[in-house]
Amino acid sequence: MQSDVLVIGAGGAGLVAAINAHESGAKVIIITKEYPTRSQTCMAQGGINAVLGNAGEDSVEAHVQNTLKSAHGIADEKAIRLMCEEAPEAVKWLDSIGVPFSRTAESKIAQRTLGGASAPRACYAQDYTGLKILHTLYDRCLALGIEILSERYLLECLTNKENNTLSICGVSVLNKRSGELEVYEAPSVIMATGGYSRIFHTHSTNSVSTTGDGIAAAFRAGARVSDMEFIQFHPTAMKNSAILISESARGAGGYLLNSKGERFTNELAPRDEVARAIDAELDKGEDIFLDIRHLGAEFIDEELPQERKLARLYENVDPVFDLIPIKPVAHYTMGGLEVDENSMTNILGLFAVGECANHRVHGANRLGGNSLLELIVFGKQAGERAAKFGKNNQTGSLHTDSTCRVLDDIKNYTNEINFYEKQEFLGDLFYLHVGIKRDKESLQKVLDELKKLLQEVPKMGVGDKSKKYNTNLIEFIEFKNMLELGEMVLLSAISRNESRGAHFRIDYQNEDESFGRHTVMDSEGVVKYED
């Protein structure tokens with residue numbers, strides 16, 4: 001099947017890109033391994049940043065400077081300025097297509113303060129902001145008649161090489177329903193497959209589908225990745241379930257307390273600072289709690305209904321009356337596919353957007369409220385640029401190969417080792433040694449263990465040999481992808497002998513100007529530093 005533009009992934013980034021590619025005149029197909037409404041975007045609860053001034057004085061320059069400060073010196077100021085300047089128009093567009101933002105008494109879009117912000121600029125829809133944006137975007141795609149193919153799992157990026165230039169020509173996917181291999185051809189492909197926080201397994205706020213498939217497939221095809229070591233830990237996930245409690249709870253005035261009932265940090269400092277402060281208390285043997293009881297039942301039910309529901313469901317506590325036990329867990333990956341000013345990777349025609357991409361706007365630590373903004377601003381850019389590229393580079397039938405190396409390799413694997421146990425083992429290792437605190441010795445030990453796992457992969461084959469809905473097969477491929485991505489994270493983290501943002505080395509606790517650059521990896525697998 002052929003189109004002008006293929007969009008891989010149906011979260012907010014993918015849907016925005018698809019809408020804009022369609023409205024630019026391209027024939028668009030969206031391919032997604034789940035259903036759009038199950039995408040990770042629905043977990044972005046706090047809000048989307050934009051300078052509207054509806055809740056106090058603010059400026060685009062303040063938004064830019066807050067973002068730069070949070071990025072700790074390794075971000076592209078030009079890209080940040082574009083994002084912040086386009087933010088009001090992005091929110092205006094969301095409002096125009098029906099996103100039900102919360103409103104002030106004057107019927108303006110309500111705004112709240114999130115961590116690291118100098119003013120209340122996060123536009124929100126109660127504490128369901130991402131969910132409501134996602135559903136509205138999905139409705140928009142349906143209204144426009146954009147074709148969405150669900151339950152297709154990405155296997156490979158298909159490329160051509162001519163005159164030493166690598167270009168995309170389509171993708172191969174596994175139809176989860178039928179078990180058949182399918183090939184989709186297009187001169188433009190937009191990767192919008194999300195991040196890789198599930199390397200940390202259960203120590204993550206992300207869904208089980210956030211396994212970095214698009215990054216891994218594109219890297220194998222020759223795409224470059226950058227800043228893979230920067231992984232943000234959200235300060236307030238619930239202790240037993242790792243379910244996210246939104247930053248909006250602290251933005252509304254929630255307190256962080258230790259076992260003695262003491263507040264020990266600025267709750268609205270950037271996320272890396274708050275996460276480290278909590279971790280230091282945990283090291284002292286303290287339990288940590290989020291306290292929003294003083295906000296009152298009426299406010300909580302109006303502004304934070306999801307937080308109350310989640311706390312009651314997963315922790316058996318009612319935040320109107322009880323403290324919420326919390327801990328930091330992996331939440332957002334700043335690194336990803338390296339893209340240029342047009343959202344294109346180094347593979348001609350392969351674009352990337354959202355958490356799988358690195359537009360260099362987050363640097364070493366993402367500012368709360370900028371993830372939803374990024375996917376709207378750069379989703380629009382990626383969609384328009386991909387549409388233009390696709391329409392100008394029609395080359396007929398590009399790829400007819402019906403084989404797939406990923407699947408062919410697995411056919412020869414034995415099933416002597418239970419990879420689910422290894423996945424849990426790897427997640428625990430990463431949480432303990434590649435998390436909030438890191439040091440060279442521990443990082444190297446984890447890398448050694450990961451290399452052993454990579455060698456054992458041929459003994460971790462799939463036990464389920466059925467064809468239709470073979471989740472065992474898909475979860476194994478996801479595990480393989482996470483091993484590849486985990487190695488990238490470790491190599492990058494070991495090479496960065498400093499502390500910067502979310503990357504905190506206890507053996508190098510200060511920022512070092514000589515490392516004030518981006519880590520980049522290409523198909524050779526060697527970490528390089530680039531401005």
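Exactly one of (1) touching a Phe, Trp or Tyr at 6+ places or on another chain (Cβ under 7 Å); (2) closer than 22 Å to Ala280 by Cβ is unmet by Asp439. Its number?
The one condition Asp439 does not meet is (1).
Return yes when Ala18 is surrounded by 24 or more Cβ atoms within 10 Å (Cβ to Cβ), in contact with a helix residue (DSSP H, G or I) (Cβ under 7 Å, 6 or more places away or on another chain) and within 30 Å of Asn470 (Cα to Cα) and no when it is not.
Judged against the criteria, Ala18 is a match.
Restricting the first residue to region 413-426 and requiring it to be touching a residue at least 12 places away in the same chain (Cβ under 8 Å) and within 14 Å of Gly461 (Cβ to Cβ), which pairs with a second residue that is surrounded by 11 or more Cβ atoms within 10 Å (Cβ to Cβ) and among the aliphatic types (A, V, I, L, M) meet a Cβ separation below 6 Å and a spacing of at least six or different chains?
Close Cβ pairs satisfying both conditions: Ile417/Met460; Phe419/Met460; Lys422/Leu453.
Going through region 269-318 one residue at a time, which ones are free of Cβ contacts under 8 Å to residues at least 60 places away in the same chain, of a type in the set (D, E, K, R), assigned to a loop (DSSP other than H, G, I, E, B) and surrounded by 16 or more Cβ atoms within 10 Å (Cβ to Cβ)? Give the steps one after another, and end with the answer.
Narrowing region 269-318 to residues free of Cβ contacts under 8 Å to residues at least 60 places away in the same chain: 273, 277-278, 280-301, 308-309, 312-313, 316-318.
Checking which are of a type in the set (D, E, K, R) leaves us with 273, 281, 283-284, 286-287, 291, 293, 298, 301, 308-309, 312, 318.
Checking which are assigned to a loop (DSSP other than H, G, I, E, B) leaves us with 284, 286-287, 318.
The answer is Glu286, and nothing else.
Looking at Ile347, Ile300, can you tell me which residue is at pLDDT 95 or above and in contact with a Pro (Cβ under 7 Å, 6 or more places away or on another chain)?
Ile300
Look at region 164-191 and say how many of its residues are closer than 14 Å to Val7 by Cβ, out of contact with any Asp or Glu (no Cβ under 9 Å at 6 or more places or on another chain) and part of a loop (DSSP other than H, G, I, E, B).
Selection size over region 164-191: 0.
Specify the residue that is surrounded by the fewest Cβ atoms within 10 Å (Cβ to Cβ); the eligible residues are those in region 517-531 that are not hydrophobic (A, V, I, L, M, F, W, C) and not in a loop (DSSP other than H, G, I, E, B).
Restricting to residues being not hydrophobic (A, V, I, L, M, F, W, C) and not in a loop (DSSP other than H, G, I, E, B), the top hit is Glu530.
State whether the residues of region 222-238 include one that is over 27 Å from Ala71 (Cβ atoms) and modelled with pLDDT of 95 or more.
yes
Taking into account only those residues within region 121-158 that are surrounded by fewer than 17 Cβ atoms within 10 Å (Cβ to Cβ), in a helix (DSSP H, G or I) and aliphatic (A, V, I, L, M), which is nearest to the chain's Cα centre (by Cα)?
Filtering region 121-158 for residues that are surrounded by fewer than 17 Cβ atoms within 10 Å (Cβ to Cβ), in a helix (DSSP H, G or I) and aliphatic (A, V, I, L, M), the one nearest to the chain's Cα centre (by Cα) comes out as Leu142.
Go through region 211-251 residue by residue and tally those that are part of a loop (DSSP other than H, G, I, E, B) and polar (S, T, N, Q).
Residues that pass the stated criteria total 4.
How many residues does region 240-268 hold that are under 26 Å from the mean Cα position of the chain (by Cα) and surrounded by 17 or more Cβ atoms within 10 Å (Cβ to Cβ)? Lay out the reasoning, then the answer.
So the first thing to find is which residues in region 240-268 are under 26 Å from the mean Cα position of the chain (by Cα), and the list is 240-252, 254, 256, 266-268.
Those left that are additionally surrounded by 17 or more Cβ atoms within 10 Å (Cβ to Cβ): 242-252, 254, 256, 267-268.
Counting residues in region 240-268 that are under 26 Å from the mean Cα position of the chain (by Cα) and surrounded by 17 or more Cβ atoms within 10 Å (Cβ to Cβ) gives 15.
Tell me the residue from Lys92, Lys161, Lys78 that is loosely packed, with under 14 Cβ neighbours inside 10 Å and in a strand (DSSP E or B), please.
The conditions single out Lys161.
Any residue in region 327-336 that is modelled with pLDDT of 95 or more, over 25 Å from Leu52 (Cα atoms) and surrounded by fewer than 24 Cβ atoms within 10 Å (Cβ to Cβ)?
yes
Could you list, in sequence order, all residues of region 21-66 that are charged (D, E, K, R) and either assigned to a strand (DSSP E or B) or touching a strand residue (DSSP E or B) at 6+ places or on another chain (Cβ under 6 Å) (or both)?
The one that is charged (D, E, K, R) and either assigned to a strand (DSSP E or B) or touching a strand residue (DSSP E or B) at 6+ places or on another chain (Cβ under 6 Å) (or both): Lys33.
Which condition number does Val99 fail, the rest of (1) out of contact with any Phe, Trp or Tyr (no Cβ under 7 Å at 6 or more places or on another chain); (2) in contact (Cβ under 8 Å) with a residue 40 or more places away in the chain; (3) β-branched (Val, Ile, Thr) being met?
For Val99, the failing item is (2).
Could you identify the single residue in Tyr431, Tyr529, Tyr420 that is under 21 Å from Glu273 (Cα atoms) and of a type in the set (Ser, Thr, Tyr)? Walk me through it before giving the result.
Working: Tyr529 fails: under 21 Å from Glu273 (Cα atoms); Tyr420 fails: under 21 Å from Glu273 (Cα atoms).
Exactly one of Tyr431, Tyr529, Tyr420 is under 21 Å from Glu273 (Cα atoms) and of a type in the set (Ser, Thr, Tyr), namely Tyr431.
What helices (runs of 4 or more DSSP H) completely inside region 341-450 contain at least 2 residues that are crowded, with 21+ Cβ neighbours inside 10 Å?
Qualifying helices (runs of 4 or more DSSP H): 370-392, 419-433.
It is to be established whether one or more residues within region 499-510 are of a type in the set (Gly, Ala, Ser), surrounded by fewer than 18 Cβ atoms within 10 Å (Cβ to Cβ) and either without any contact (Cβ under 8 Å) to a residue 24 or more places away in the chain or within 22 Å of Cys157 (Cβ to Cβ) (or both).
Step one: list which residues in region 499-510 are of a type in the set (Gly, Ala, Ser), which gives 499, 501-502.
Next, only the ones that are surrounded by fewer than 18 Cβ atoms within 10 Å (Cβ to Cβ) stay: none.
Within region 499-510 (the criterion being of a type in the set (Gly, Ala, Ser), surrounded by fewer than 18 Cβ atoms within 10 Å (Cβ to Cβ) and either without any contact (Cβ under 8 Å) to a residue 24 or more places away in the chain or within 22 Å of Cys157 (Cβ to Cβ) (or both)), the answer is no, since none of the residues qualifies.
Does region 196-204 contain any residue that is part of a loop (DSSP other than H, G, I, E, B), closer than 30 Å to Gly115 by Cβ, touching a residue at least 60 places away in the same chain (Cβ under 8 Å) and touching a His at 6+ places or on another chain (Cβ under 9 Å)?
No; the residues of region 196-204 include none that is part of a loop (DSSP other than H, G, I, E, B), closer than 30 Å to Gly115 by Cβ, touching a residue at least 60 places away in the same chain (Cβ under 8 Å) and touching a His at 6+ places or on another chain (Cβ under 9 Å).
Out of (1) in contact with a Phe, Trp or Tyr (Cβ under 6 Å, 6 or more places away or on another chain); (2) of a type in the set (D, E, K, R); (3) under 30 Å from Asn510 (Cα atoms), the odd one out for Glu61 is which?
Unmet condition: (1).
Of all residues in region 451-461, how many are outside any helix (DSSP H, G or I) and loosely packed, with under 13 Cβ neighbours inside 10 Å? Can you show your working first?
Quick first cut of region 451-461, residues outside any helix (DSSP H, G or I) only: 460-461.
Among the residues that remain, those that are also loosely packed, with under 13 Cβ neighbours inside 10 Å are: none.
Count: 0.
The values are calculated or read from the model by the stated rules, or taken from the named source; none is laboratory data. Since we're looking at a predicted model, the values are computed, not measured. Heads up, the Cβs are rebuilt from the backbone with ideal geometry, glycines too, and the neighbour counts pull from every protein chain shown.
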